[in-house]
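**Student:** Okay, handing you the structure first.
The values are calculated or read from the model by the stated rules, or taken from the named source; none is laboratory data. Values in this document were obtained by computation on a predicted structure and should not be read as measured data. FYI the Cβ positions are ideal-geometry reconstructions off the backbone, even for glycines, and counts take in every protein chain you see.
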Ligand SMILES: [Fe+2]
Ligand SMILES: [Fe+2]
């Protein structure tokens with residue numbers, strides 16, 4: 001089921017939260033479609049689990065064969081593992097960090113990416129979409145080394161990839177969060193392990209505070225909506241210790257624990273793990 005985050009006569013932002021609901025071992029993930037004056041971009045389309053449903057759902061709003069862009073915040077499997085199928089089924093170009101430009105072809109059959117990859121420099125840029133544009137904002141090391149967030153100036157939505165992520169079901173992810181405090185426990189473990197350092201968070205917050213943001217929408221879990229919750233989120237990550245801030249020599253000892261192949265797979269759904 002798609003959720004309309006924004007719609008006017010010429011512009012729409014759609015979110016899909018439950019396309020991989022039947023796959024208990026895979027972390028919940030959101031996919032996005034932005035349409036402006038009949039031109040479309042899919043943001044973080046995901047892997048093979050999401051492809052069929054997303055392609056079908058997209059066709060209700062847009063002719064998938066005419067998709068302009070597949071935009072990837074970074075190169076993780078939950079972002080572009082189905083790249084081969086998207087490039088086969090559409091004429092879209094892949095928009096991805098230059099850091100990952102030459103790695104993305106490993107997701108596809110030989111030659112499929114030829115002439116179809118827009119490598120974004122570290123400074124980002126503004127990508128034309130219909131009569132509007134999407135801003136490609138630097139978000140490196142949040143968490144990936146070559147990482148972008150996407151700001152839509154029409155809807156004032158900021159798509160933040162793995163920043164702002166919360167762990168929950170697809171149904172829960174469909175309901176925007178407007179009060180941050182009670183939401184922090186669902187974000188904290190992920191951010192402490194998957195974000196690289198507080199220095200990077202602070203640099204990003206300084207940039208993000210210059211934007212007029214109506215909604216901050218992550219790739220896992222619920223959107224954060226409204227001025228108060230967004231302000232509180234920026235304040236929270238501005239002082240959050242994470243990643244290498246929390247690692248010291250205790251984390252780099254020769255291992256002693258035995259990894260048992262029998263218990264490695266329990267069949268239990270993953271919880272505070274994503275990426
Ligand atoms: Fe992710
Ligand atoms: Fe990721």
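**Student:** Here are some residues: 101, 133. Which one is over 14 Å from the mean Cα position of the chain (by Cα), in a loop (DSSP other than H, G, I, E, B), surrounded by 15 or more Cβ atoms within 10 Å (Cβ to Cβ) and without any contact (Cβ under 8 Å) to a residue 24 or more places away in the chain? Walk me through it before giving the result.
**Tutor:** Values: 133 fails: in a loop (DSSP other than H, G, I, E, B).
Exactly one residue qualifies, and that residue is 101.
**Student:** Any residue that is over 23 Å from residue 149 (Cβ atoms) and modelled with pLDDT of 95 or more - is there at least one of those in segment 61-84?
**Tutor:** Yes, there is a match, as at least one residue in segment 61-84 is over 23 Å from residue 149 (Cβ atoms) and modelled with pLDDT of 95 or more.
**Student:** Right, residue 42: more than 13 Å from ligand 1 (Cβ to nearest atom) and modelled with pLDDT of 95 or more or not? Talk me through it step by step, then tell me what you get.
**Tutor:** On the way: more than 13 Å from ligand 1 (Cβ to nearest atom): yes; modelled with pLDDT of 95 or more: yes.
Against the criterion (more than 13 Å from ligand 1 (Cβ to nearest atom) and modelled with pLDDT of 95 or more), residue 42 qualifies.
**Student:** Something else: Which members of segment 139-153 meet the condition of being surrounded by fewer than 20 Cβ atoms within 10 Å (Cβ to Cβ) and touching a residue at least 40 places away in the same chain (Cβ under 8 Å)?
**Tutor:** If we filter segment 139-153 for residues that are surrounded by fewer than 20 Cβ atoms within 10 Å (Cβ to Cβ), which is where we start, we get 140-141, 145, 153.
Those that are surrounded by fewer than 20 Cβ atoms within 10 Å (Cβ to Cβ) and touching a residue at least 40 places away in the same chain (Cβ under 8 Å): 140, 141, 145.
**Student:** Also, quick follow-up: Output the number of the condition that residue 28 fails; it satisfies all remaining conditions of (1) modelled with pLDDT of 90 or more; (2) within 16 Å of ligand 2 (Cβ to nearest atom); (3) touching a strand residue (DSSP E or B) at 6+ places or on another chain (Cβ under 9 Å); (4) at negative phi.
**Tutor:** (3)
**Student:** Within segment 210-219, is even one residue farther than 27 Å from residue 3 by Cα, surrounded by 22 or more Cβ atoms within 10 Å (Cβ to Cβ) and in contact with a strand residue (DSSP E or B) (Cβ under 9 Å, 6 or more places away or on another chain)?
**Tutor:** No; the residues of segment 210-219 include none that is farther than 27 Å from residue 3 by Cα, surrounded by 22 or more Cβ atoms within 10 Å (Cβ to Cβ) and in contact with a strand residue (DSSP E or B) (Cβ under 9 Å, 6 or more places away or on another chain).
**Student:** Looking at (1) without any contact (Cβ under 8 Å) to a residue 60 or more places away in the chain; (2) more than 16 Å from ligand 2 (Cβ to nearest atom); (3) in contact with a helix residue (DSSP H, G or I) (Cβ under 8 Å, 6 or more places away or on another chain), which is the one condition that is false for residue 191?
**Tutor:** It fails just one condition, (2).
**Student:** Moving on. Quick check on my filter: what residues within segment 75-88 are closer than 14 Å to residue 220 by Cα and assigned to a loop (DSSP other than H, G, I, E, B)?
**Tutor:** 76
**Student:** Do we find a residue being within 16 Å of ligand 1 (Cβ to nearest atom) and touching a residue at least 40 places away in the same chain (Cβ under 8 Å) anywhere in segment 199-206?
**Tutor:** Keep residues of segment 199-206 that are within 16 Å of ligand 1 (Cβ to nearest atom), which gives none.
No, because not a single residue in segment 199-206 is within 16 Å of ligand 1 (Cβ to nearest atom) and touching a residue at least 40 places away in the same chain (Cβ under 8 Å).
**Student:** Given the conditions (1) within 15 Å of the chain's Cα centre (by Cα); (2) not in a strand (DSSP E or B), which single one is not true for residue 57?
**Tutor:** (1)
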